[in-house]
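The structure appears below as structure tokens.
FYI, it's all coordinate maths here, none of it is from the lab. As the structure is a computational prediction, the values presented were derived from the model and not from experiment. Because the Cβ atoms are built from the backbone with ideal geometry, glycine has one as well, and the counts that use them run over all protein chains shown.
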């Protein structure tokens, strides 16, 4: 596993060889992007979690036909249209992108089997976004020029007791935690005499 990215603030980072990265004293998360990469293949799955621990992905064996590098990047904001949501759906402050390339660096956009995404969110993530109903949280992906929600789906779910959302998907994309907002409609008052 490798850890790379723009940390926003200087801090010494020590690296160990193999499947882990050690962050030493002086490192603290800052605005910007952080990413984790894993290598998966036909007979081996794999899993990764963003450095802030909010987003995890798990790939089953057989998700790809060839060796594939999968990169999970936590984002401070989506780099696509934040407004392209249907109805009263609003982004809820948890954003990430999943990218994949084969051994030759050619982009991989879909997988043979769905992978599992687990989102751990804080109450403040959805409340500060102006959302009013935690039970309406969903995971959206950017596709065809708009945000599209994944739930409900088989194997997916939302557990508000532990602030965890689980979804299955089979393509690379940019993802965001979303929810619904209440909107008040004001109608003119008409009085007949």
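Kindly indicate whether residue 99 is closer than 21 Å to residue 73 by Cβ and assigned to a strand (DSSP E or B).
In short, yes.
Check whether at least one residue in segment 36-44 is touching a residue at least 12 places away in the same chain (Cβ under 8 Å), surrounded by fewer than 17 Cβ atoms within 10 Å (Cβ to Cβ), under 12 Å from the mean Cα position of the chain (by Cα) and over 18 Å from residue 104 (Cβ atoms), and report yes or no.
Looking only at segment 36-44, we keep the residues that are touching a residue at least 12 places away in the same chain (Cβ under 8 Å), and these are 36-44.
In the following step, the residues that additionally are surrounded by fewer than 17 Cβ atoms within 10 Å (Cβ to Cβ) were identified as 39, 42-44.
Among the residues that remain, those that are also under 12 Å from the mean Cα position of the chain (by Cα) are: none.
Looking through segment 36-44, none of the residues is touching a residue at least 12 places away in the same chain (Cβ under 8 Å), surrounded by fewer than 17 Cβ atoms within 10 Å (Cβ to Cβ), under 12 Å from the mean Cα position of the chain (by Cα) and over 18 Å from residue 104 (Cβ atoms).
Going by what's in this entry, would residue 105 be described as in contact (Cβ under 8 Å) with a residue 12 or more places away in the chain and surrounded by fewer than 14 Cβ atoms within 10 Å (Cβ to Cβ)?
For residue 105, the condition - in contact (Cβ under 8 Å) with a residue 12 or more places away in the chain and surrounded by fewer than 14 Cβ atoms within 10 Å (Cβ to Cβ) - is not met.
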